[in-house]
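Encoded as structure tokens, the structure appears first; notes follow it.
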Amino acid sequence: MNAWNDRFVRTQQQRDRYDALAPLVERFAQRAKEVDEQNGFSFENIADLKAIGYPALTVPEQYGGAGISLYEMALMQERLAQGDAATALGMGWHIGCVYDLAHSRKWDEAVFERVARDIAANGSLLNRAATEPMTGSPTRGGKPETAAVSTATGWRINGRKTFTTLSPVLDYLVVSATLTETSEVAEFLIPRETAGVRIDLTWNMMGMRGTGSHDLILEHVELPPEALVRKLALGEGKASPYHLFIPATYLGIALAARREALLFAANYQPNSLKEPIIHLPHIREQIGRIDLELSAARAFMYSVADRWGTEQFIIPSELAAVKHVATNTAITVVDQAMRIVGAQSLSMNHPLQRMYRDVRFGLHNPPMDDSTIRMLGDFAVQEVLEQQN
């Protein structure tokens, strides 16, 4: 099974990092049940990842990190999610945001260097806080109700953010807010210990329960002028290369579900049979369907990731399509795995029921399916109209 799982590992350096995750993945899988049941957060997982330098994977080498490619980021996230999907999704937001900042150079370089070196040296964590109760996903175009008012000493921010993943351990918050004087939308870099910043423990979902995606409360938060790190362009963020950690994470869940189904089928032998059910033709057909779907989705994702690294000629709709294919494939694969295992997979003691709940969250991570389909259609129409003119 390992040979099939790691078929996209290509270099020795990738192999070393990939294999270094193996003991952590097994450990995380053992912890996942308790965290899920208690709706808690695995501080132990985060500490283990910091110990191997995971938070610095996408920090540029010049600032002390590993500077891994988009391809390898997907590889590592897919592997990590096979142990604990919630931890993988949370860390994915961190390394994805850092990758985005490292390659887009959206911030002043001195500011980015300071944060990047802190991540590399101390394992500090950051994430964007952009979603709000009344705006939903920022990819839908809603303007933040979180307000930033200009003051004599800089800025004062008030607001509430939802889905602040990794909130129990974040060191930096990248908060979007509307500038009251100009109605522009800007991002502010806010250290966690800043006065007026607090976390409201609201996270209580059916899946991804260990992500710690609580609400962020900002009450009269006073910031210096340089806290404003950039102003956002209209329509920004609908499909970005750094979002590739999302499909990688959900394909990781699917790979874990595949493994559970194979192990069950290889060992389960009802007394009506002379051998385990893995030898039954219809079970082998179900396994074949799982591998067919996974092969196509993974090949698509790694192909796009590879081309971004070598050509950087990837249209936004293609990036969005990867996420659509991967997450919907993952949902199908988990469902198929549960059919192989049968009613036992519905037991709250079985990991497949957690994977079933976790994998559904892929539908609600950006970009959403309807936006992706519309984006693909718009690109096709634009292409043919340009050819006719």
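Computed from the coordinates by the stated procedures, all read-outs in this text should not be read as laboratory data. These figures come from a predicted structure and were not determined experimentally. Cβ: placed from backbone, ideal geometry, glycine included. Neighbour counts: every protein chain shown.
Some values worked out for this structure:
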{"quantity": "Neighbour-count ranking [beta-carbon atoms within 10 angstrom, fewest first] of LYS231, LYS50", "calculated": "LYS231, LYS50"}
{"quantity": "Stretch gain in nm, segment ALA121-GLU219, where the contour uses 0.36 nm per residue and the Cα spacing is subtracted", "calculated": "32.2 nm"}
{"quantity": "Exposure proxy order (Cβ contacts within 10 Å, fewest to most) of PHE43, PHE361", "calculated": "PHE43, PHE361"}
{"quantity": "Unit charges on C-beta of K, R, D, E only; dipole of segment 40-192, Debye", "calculated": "300"}
{"quantity": "Under the span-like rule (Cα at least 18 Å along the axis, Kyte-Doolittle mean at least 0.5), DSSP H helices of the chain", "calculated": "85-104, 245-267, 316-341"}
{"quantity": "Descending semi-axes in Å of segment 203-281, equivalent ellipsoid built from Cα gyration tensor", "calculated": "49, 18, 9"}
{"quantity": "Test item: Cα-centred dipole of segment 128-231, Lys/Arg +1 and Asp/Glu -1 on Cβ, debye", "calculated": "320"}
{"quantity": "Positive-end extreme of charge dipole, the chain - chosen from LEU166, VAL25, VAL111 (charges on Cβ)", "calculated": "VAL25"}
{"quantity": "GluC sites (Glu not before Pro) within segment 225-288, DSSP loop, no more than 16 other Cβ atoms inside 10 Å", "calculated": "GLU236"}
{"quantity": "Euclidean distance between Cα centres, segment 323-389 to segment 208-280, Å", "calculated": "12"}
{"quantity": "Relative contact order of segment 66-149, pairs being alpha-carbon contacts under 8 Å that are 6 or more residues apart, as %", "calculated": "17"}
{"quantity": "Selected from GLN387, LEU352, THR329, residue furthest toward positive end of dipole (segment 309-389; charges at beta carbon)", "calculated": "LEU352"}
{"quantity": "Residue order, fewest to most beta carbons within 10 Å, for TRP107, TRP4", "calculated": "TRP4, TRP107"}
{"quantity": "Intensity falloff of the chain expressed as log10 I(q)/I(0), Debye formula with alpha-carbon point scatterers, at q = 0.12, 0.13, 0.15 Å⁻¹", "calculated": "-0.94, -1.09, -1.40"}
{"quantity": "Pairs of lysines in the chain (C-alpha under 18 Å apart; 8 or more residues apart or interchain)", "calculated": "6"}
{"quantity": "Per-pair calculated FRET efficiency, R0 = 30 Å: SER104 and GLN387 via Cβ, rounded to 0.05", "calculated": "0.45"}
{"quantity": "Contour minus Cα-Cα distance for HIS282 and THR182 (0.36 nm per residue)", "calculated": "29.6 nm"}
{"quantity": "Virtual spin-label span in nm between PHE43 and VAL111, 7 Å along Cα→Cβ", "calculated": "3.1"}
{"quantity": "Cα centre as origin, Lys/Arg/Asp/Glu Cβ charges: the chain dipole, Debye", "calculated": "720"}
{"quantity": "Whole-Å distance, taken between Cα centres, linking segment 5-79 and segment 120-196", "calculated": "27"}
{"quantity": "Gaussian network model of the chain, Cα within-10 Å springs - most flexible of THR182, THR58, THR153", "calculated": "THR182"}
{"quantity": "Stokes-Einstein D (µm²/s) once Rh is taken as the Kirkwood radius of segment 128-231 over alpha-carbon pairs, at 4 °C in 1.567 mPa s", "calculated": "94"}
{"quantity": "Segment 254-365: radius of gyration and largest Cα-Cα distance (Dmax), Å", "calculated": "16.6, 57"}
